[in-house]
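These notes concern the structure reproduced below.
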Amino acid sequence: MKFESIYKQYWQPIFRLCMGYINDSARAQDLTQETFIIVWKSLPKFRQEASLSTWIFRIAVNLCLRQLKIEKRIPQGQLPEQVKDEDTVNREPQVAFLYQCIAELPETDRIIISLELENVKQAEIAVITGLSEGNVRIRIHRIKERLSKKFKGYEH
């Protein structure tokens with residue numbers, strides 16, 4: 001598969017995954033670009049032990065986790081000041097609220113729901129996270145319930 005087609009197919013899903021972690025458009029774009037730099041450099045060495053999408057998502061997840069570690073993590077429930085930029089203001093309020101809710105989730109839950117929102121198969125999510133497929137399925141259900149409760153509170 002050519003890099004250009006990989007880039008076109010996966011740029012948006014990887015960007016949205018990074019937004020789920022970082023909740024800052026400019027930094028999410030940087031992490032997305034870093035992901036594709038690594039993919040471009042490593043593509044000839046890709047051994048196809050996992051699917052291409054699993055491999056790319058794992059690279060992005062690792063970069064996001066490394067970035068959060070570097071920043072010594074933002075306490076849960078707080079959003080960085082940069083989130084209040086023009087990008088967030090232009091987004092629909094519900095989407096901005098969803099990103100905020102995802103940012104408040106524990107790290108593993110953020111990974112799981114971000115991948116689920118990108119329609120990554122639960123089997124692939126299990127490989128990426130190192131959890132069993134059954135555990136992933138249960139966690140997705142619980143995360144959706146939590147987010148649903150928050151949205152019900154948001155709408156009232």
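Rule-based calculations on the coordinates, nothing more; no lab input. Nothing here was measured: the structure is a model prediction, and the numbers come from that model. We place every Cβ from the backbone using ideal geometry, glycine too, and count neighbours over all the protein chains shown.
Points 7 angstrom from Cα along the Cβ direction at residue 48 and residue 3: gap in nanometres?
2.0 nm
Just the Kirkwood number for the range 89-156, please: inverse of mean 1/r across all distinct Cα pairs, in Å, one decimal.
The answer is 12.6 Å.
Say each of residue 37 and residue 141 gets a label point 7 Å from the Cα, pointing the same way as Cα to Cβ; how far apart are those two points in nm?
According to this spin-label approximation, the distance is 4.3 nm.
Could you order the peptides 48-61, 123-136 from most to least packed, using the average number of other C-beta atoms within 10 Å per residue?
Working: 48-61: 18.1, 123-136: 16.6.
So the order, starting with the most tightly packed, is 48-61, 123-136.
Ranked by Cβ crowding within 10 angstrom, fewest neighbours first, how are 152, 144 ordered?
Arranged by neighbour count, lowest to highest, 152, 144 become 152, 144.
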